[in-house]
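Participant: Can you read through this structure? Questions will come right after.
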Amino acid sequence: MRRILAPTSAPAIRARRVAAAIGGLAVATLASGCMVFNPVQTDVIYEPADGVSADVGSVAVRDLVLVGSGDGTFVVSGAAYNGGAEPVTLQVAPQGEGAAAGSEVQVRPREQLNLATKGLRFDGLDTEPGSMLPVAVTTRPGGTAVVNVPVLA
């Protein structure tokens, strides 16, 4: 004996389609809500290295750190890029009581410098590796920015 299904009316089919569409919309809405609580990490600005950054005038300083053994002498390490059309004098100087004299270097237009190879150093600093030291980054012309620079061994 064969069973024959009763024909379904058009309003019932339409109701199923509407229910399926509403269910799909609800799933899509709930799934897209995950981004509210889990932002995309590539949208978060961060320093990808140990050092810090500073933009002063047309000069961009990146990955700025002080490297030393704790005997009071520290080498300034990082990169500096002059995006301007004129040469710029870049000076890096520690801040605070008993601060050592700063070091400076010329940066030509469209030039990128490795600061660790330019002889920039501080002598007589009373700080230990692992600490942060406020350092003034000054360009002439341009201005000054004070940043907390990590001290590394």
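Participant: Read through the list (1) closer than 12 Å to Val61 by Cα; (2) over 21 Å from the mean Cα position of the chain (by Cα); (3) touching a residue at least 60 places away in the same chain (Cβ under 8 Å), then give the number of the only condition that Phe74 fails.
Facilitator: It is condition (1) that Phe74 fails.
Participant: Further question on the same structure: Determine, yes or no, whether Ala101 is modelled with pLDDT of 85 or more and of a type in the set (Gly, Ala, Ser).
Facilitator: When the stated conditions are applied, Ala101 does not pass them.
Participant: Considering only residues that are among the aliphatic types (A, V, I, L, M) and within 19 Å of Arg121 (Cα to Cα), which ones fall in segment 61-87?
Facilitator: Of everything in segment 61-87, those that are among the aliphatic types (A, V, I, L, M) and within 19 Å of Arg121 (Cα to Cα) turn out to be Val61, Leu64, Val65, Leu66, Val67, Val75, Val76, Ala79, Ala80.
Participant: Name the residues in segment 69-92 that are in a loop (DSSP other than H, G, I, E, B), open to solvent by 60 Å² or more (accessible area, probe 1.4 Å) and either among the hydroxyl-bearing types (Ser, Thr, Tyr) or at pLDDT 90 or above (or both), would you? So that I can check it myself, show each step before the final result.
Facilitator: Filtering segment 69-92 down to residues in a loop (DSSP other than H, G, I, E, B) leaves 69-73, 83-87.
Add one more test, that the residue is open to solvent by 60 Å² or more (accessible area, probe 1.4 Å), and what stays is 69, 71, 85-87.
Correct list: Ser69, Ala85, Glu86, Pro87.
Participant: Part of a loop (DSSP other than H, G, I, E, B), open to solvent by 40 Å² or more (accessible area, probe 1.4 Å) and modelled with pLDDT under 90: is that true of Ala6 in this structure?
Facilitator: The answer is yes for Ala6.
Participant: Here is a follow-up. Among the listed residues Pro129, Pro87, which satisfies the condition of being out of contact with any Phe, Trp or Tyr (no Cβ under 8 Å at 6 or more places or on another chain) and over 18 Å from Gly51 (Cβ atoms)? Before you say what the answer is, go through the steps one by one.
Facilitator: On the way: Pro129 fails: over 18 Å from Gly51 (Cβ atoms).
Unique residue meeting the criteria: Pro87.
Participant: Looking at segment 47-68, which of the residues that are free of Cβ contacts under 8 Å to residues at least 60 places away in the same chain and part of a loop (DSSP other than H, G, I, E, B) is surrounded by the fewest Cβ atoms within 10 Å (Cβ to Cβ)?
Facilitator: Applying the filter and picking the extreme gives Pro48.
The values are calculated or read from the model by the stated rules, or taken from the named source; none is laboratory data. All values reported here derive from a predicted model rather than from experimental measurement. Methodologically, a virtual Cβ is constructed for each residue, glycine included, from the backbone with ideal geometry; neighbour enumeration extends over all protein chains shown. Each accessible area value is taken on the protein alone, full model and side chains, heavy atoms only, with ligands, DNA and RNA left out. Shrake-Rupley method; radii C 1.70, N 1.55, O 1.52, S 1.80 Å.
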